[in-house]
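The values are calculated or read from the model by the stated rules, or taken from the named source; none is laboratory data. Values in this document were obtained by computation on a predicted structure and should not be read as measured data. Quick reminder, even Gly has a Cβ in these numbers, built from the backbone with ideal geometry, and neighbours come from all protein chains shown. For accessibility, only protein heavy atoms count, side chains too; no ligands or nucleic acids. Shrake-Rupley method; radii C 1.70, N 1.55, O 1.52, S 1.80 Å.
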Amino acid sequence: MFHVSKLPFIMQSFRKLSHVLLQYSFDNDLLTPEQRLFYEENGFILIKNLVSDKDIESFRKEFERICRREVEVPGLVVMRDLAIAKSEFVADQKAVSKLQDFQEDPELFQYCTLPQILKYVECFTGPNIMAMHTMLINKPPDAGKKTSRHPMHQDLHYFPFRPADRIVCSWTAMEKVNRQNGCLVVLPGTHTGTLQEHDYPEWEGGVNKMYHGVRGYDPKHPRVHLEMEKGDTVFFHPLLIHGSGMNQTQGFRKAISCHYASADCYYIDVKGTTQENIEKEVQDIAAKKYALDDNITFKDTWAFRGRLVQGERISL
């Protein structure tokens, strides 16, 4: 029979075992044993009510200012939904589907430095943390072309740095997110696999730039629809296969996210790998946007975006 006096011994035994058995998180007394095991098995963990309404409102206002072109942000990529942009004239934010690389915007970059976010990030990256990739997603109502979908993919496809287990995404709902407005869909446990081949999906009506998808995955794999309330935040592994469905409402579904990596991570050469296609696409975009020559590397395009948010900058 279990006795409460044995609990400290059980916890101590778990911590000893975790150093051997748990490869995806660190023991820093924040995540419970149950949470660590859940992430180990599933590749994601949802934390309720982590970001305040006040912070989310400041992010929303800055997004609107950027859409109205009241502020210019160096390096910012403004992405527009092709179907909406071509269907009719639309003002300010209505055609904008995503802001990417907002690291030079002081208001939006505050998200990446929120203490309550970083304390969870440290569970996966360790104490030296780089903010590598930033996005504010404004999923529009679908214009009938299914372009508001984001195909199932693995984020590691876009990253020329490793190890994968020391990279994590923080994704925060800026309003209620459900199946109707296109919540995240994840395939639990797929983070234990390898990086798969990605390319543009074969959907009718065209696709939006950079929205690559996994070429082959088991469509019968169990999936979880991550319905979230405003301020809820999900942390997930870069090999976890995930995507999002169509926004079938008349409103816009906003979320803000950052991919973090341990400053101990290192760059790799993706030549001859499944990532070669995204390398070429990123190089072409960077060359046109910044009038650079053909010598810019995939590593270069990431190195200037990375920002230290905690600890020391080591390899990245």
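Things worth noting here:
- Residue by residue, the range 61-72 carries 3J(HN,Hα) couplings of 5, 5, 4, 5, 4, 5, 5, 7, 6, 7, 9, 10 Hz when phi is fed to the Karplus relation 6.51 cos²θ - 1.76 cosθ + 1.60 (θ = phi - 60°); x denotes Gly or Pro.
- For the pair residue 249 and residue 180, the difference between a 0.36 nm per residue extended length and the Cα-Cα distance amounts to 24.2 nm.
- Solvent-accessible area, 1.4 Å probe, carbon plus sulfur percent, for the range 27-310: 51 percent
- Rounded FRET efficiency, nearest 0.05, which uses the C-beta distance separating residue 69 from residue 21 and R0 of 51 Å: 0.45
- For the residue pairs 119/280; 119/220; 48/98; 61/220; 54/220, the alpha carbons lie more than 31 Å apart in 119/280; 119/220; 61/220; 54/220.
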